[in-house]
Every structure is written in C-alpha cells, then in structure tokens.
Amino acid sequence: MKSLEELAAIRNKMQNQVNLRSEDSSCTRIVVGMATCGIAAGARPVLKAFSDGIQEKGIKDVMVTQTGCVGLCQYEPIVEVMAPGKEKVTYIKMTAEKAAEVIEHHIIGGEVLTKYTINSAIQ
Amino acid sequence: MLPEIALSILDIAQNSVRADASLIEITVKINTAADLLSVVINDDGCGMDEQQVKNVVDPFFTTRKTRKIGLGVPFFKMSAESTGGSFEISSEKGVGTRVRADYVLSSIDRMPLGDMTFTVHSLITLNTDIDFLYNYSVDGNGYTLDTRQFRQILGGVPLNTPDVSDYIKEYLDENTAEINQGRAF
C-alpha cells in the first residue's frame, strides 16, 4: 500500500512555498464539458491532455476544470477558454492532439486557434 | 452506452457534484465467487422527490427542464441490466441520492471497469470543495481513499497542487494494482 507519509512529506515541502495556486480572478480557466454527451464524444482524453499538459509545462495561473452539458451536444467534446478581460473562446470537436495545440498557441502564445472554434463551424 | 463502467461512474458522479453534495462516496466491490461487480454512488446532495426519481431512469422523459439528468442514468441502468444484473436508485429530498448498479462479472455484455484512476482522480482534483470517499475491493481485499483524511494530513495544501495531484494518481494506481494482483476487471 502506498504510504500516507509521502503525503505528509509533500505538505512539508509545499508549506515552505508561499505561492500555492490560488483560484482568483486573474486565473485563466479551461473548462471541459464532461456530461454524458461530452464523455461519450471523447472528453476524457481531452481533459487528460489539458491537465497533464498544463502541469508538465508548469504553466501558472491556469485552471483546468469541468462542466456539464452546455446544450451543444453535436459539437462535443467542447472546451471553453476563459481568460480575464477577454472574450470566451469555445473550441469544438476537440481531441487530445488539438488540446496540445491549444496549450501551445492559445494558452502560451496568446493566439486563438480560430480553425477549431465554434465560429468556424457555424459560418 | 458508455464503453467503460468507469466512464458511467464519472458521469453519474457529476450529478452528485451538481446536486451540491459535500461528500460523494464511490464504492466498487468485486466478488468473484458471487460473480458480481457492484458499484454504489452515494451523495449527500439536494436529493430528488419520488416523481423525479421515476423520471431519471426514463431516457425519453428528458426535456430541457431536466437536461441535467439526461441519458446518464438510463445508460448506467441499461449497462448493468444487460449483463443480467440489477440497478437501483433511491433518493430523498434534502438528504441525498444513492445509485447502485450490480453487474454479472462474467457476462460477455459487461463493459470493462476501465480507468477508475482517471475517474476518481479527476473528480477529486477538479472539485476541490467536495470530499470523496472511494472504496475498491476484490474478494474482501481492498483499500480506501478518503479526501477528508488527505486534507487533514495536508493542512492547507490544496488537493489540486501538482505534487498532491500526482500522489493521488499514484495512490490509486499502485493500490489498485496491489489488490488486482495482475487480474483485469
């Protein structure tokens, strides 16, 4: 069995660091739709790609979270990126590969990947 | 239907999240002698009245008004019943909801349990204001992950801190592997 002492060691390490992740308004939120429709369409690898990618690249002030059905089931997996002071960006029919691109170009580079957004589908 | 029991559990647990639960208990119990895989999801959320409980198992009742329920419960019910197992949902307004699905372990129609580590890990790290109690056992040997205990050890360090998040993932993977002893369910 994995020991709980390891967890105590993490606490001791972390408590010395002042900058614990805060979920305040300066945070960019990446929201993955994880209702039945999203899960059935393949939201799990997308959510995985975002959480792992953000963690691996050590990106700060970005929070990956999940939500229910937003009523656009035919476009699932849907990912919304909400950055403070900016318009919400809705990416549709996401995959783990597209997620990696979004992290690279949008989250890090600041450039919206319009080819994957909902606007590209309804025009 | 969803291709893994773990995905159904993730889906059903979202209902508990949206029901404003403060504690969600997920139990996966495998009994090879009884040829049974039993899943229980129990929450202390807002609950439903008798009529709502009847409606959630009916996929065709789903209207915009009840969209928060949708196909999740009917999928879960069907996946269990198609193996010759059973399904039960009970709820009380203001008290909570309990969903149980029993699968016949050896049935050819039983989906694989699937990636429970992802299900439990993502529920915990993405809903840090909720406590989770996960029990996994095979033939009486099992382990428990209780976020209330983890929080106590962690002091104020959040459960979604990268190091803690990794620890939770390893805790689930390693303990499950130890219980499974090379068997796959």
TODO: Determine ³J(HN,Hα), in whole Hz, for all residues of the stretch A:39-52 in sequence, where each value follows from phi through the Karplus function 6.51 cos²θ - 1.76 cosθ + 1.60 and θ = phi - 60°; x replaces Gly and Pro.
DONE: 4, 5, 7, x, 6, 4, x, 5, 4, 4, 4, 5, 4, 5
TODO: Please work out whether the stretch B:5-180 counts as rounded, prolate or oblate from its C-alpha gyration tensor, where a ≥ b ≥ c are the square roots of the eigenvalues and a/c under 1.5 means rounded, while otherwise a/b larger than b/c means prolate and anything else oblate?
DONE: oblate
TODO: Set Lys and Arg Cβ to +1 and Asp and Glu Cβ to -1, take the dipole of chain B about its Cα centre, and tell me which of B:177, B:149, B:21 lies farthest positive.
DONE: B:21
- [ ] Rounding to the nearest 20 debye, state how big the charge dipole of chain B is about its Cα centre with +1 on each Lys and Arg Cβ and -1 on each Asp and Glu Cβ.
- [x] 600
TODO: Quick one: grab the alpha carbon gyration tensor of the protein assembly as shown, order the square roots of its eigenvalues as a ≥ b ≥ c, and give me rounded if a/c is under 1.5, else prolate or oblate depending on whether a/b is larger than b/c.
DONE: oblate
Open item on the list: Tell me the net charge near residue A:113. Cut-off is 14 Å between Cβ atoms, residue A:113 excluded, with +1 for each Lys or Arg and -1 for each Asp or Glu.
Closed with: -2
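For the protein assembly as shown, give me the percentage of DSSP beta bridges that are antiparallel, rounded to the nearest 5 percent. Walk me through the numbers before you get to the answer.
Values: 37 of 51 bridges.
Of all bridge pairs located within the protein assembly as shown, approximately 75 percent are antiparallel.
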- [ ] Obtain the nm distance between the two label points defined at residue A:52 and residue B:34 by a simple spin-label model: each point lies 7 Å from its Cα along the Cα-to-C-beta direction.
- [x] 3.6
Open item on the list: Run the helix sum for chain B: -39,500 (n - 2.57) per DSSP H stretch of 4+ residues, divided by residue count, reported at 222 nm to the nearest 500 deg cm²/dmol.
Closed with: -11500 deg cm²/dmol
Open item on the list: For the protein assembly as shown, give me every cysteine whose Cβ has no other Cys Cβ within less than 4.7 Å, ordered by residue number.
Closed with: A:27, A:69, B:46
Task: Inter-label distance for residue B:184 and residue B:144, nm, one decimal - labels placed 7 Å from Cα along Cα-to-Cβ - done: 3.1
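Rule-based calculations on the coordinates, nothing more; no lab input. No experiment lies behind these values; they were computed from the predicted model shown. Every residue, glycine among them, receives a Cβ derived from its backbone with ideal geometry; neighbour counts consider all protein chains shown.
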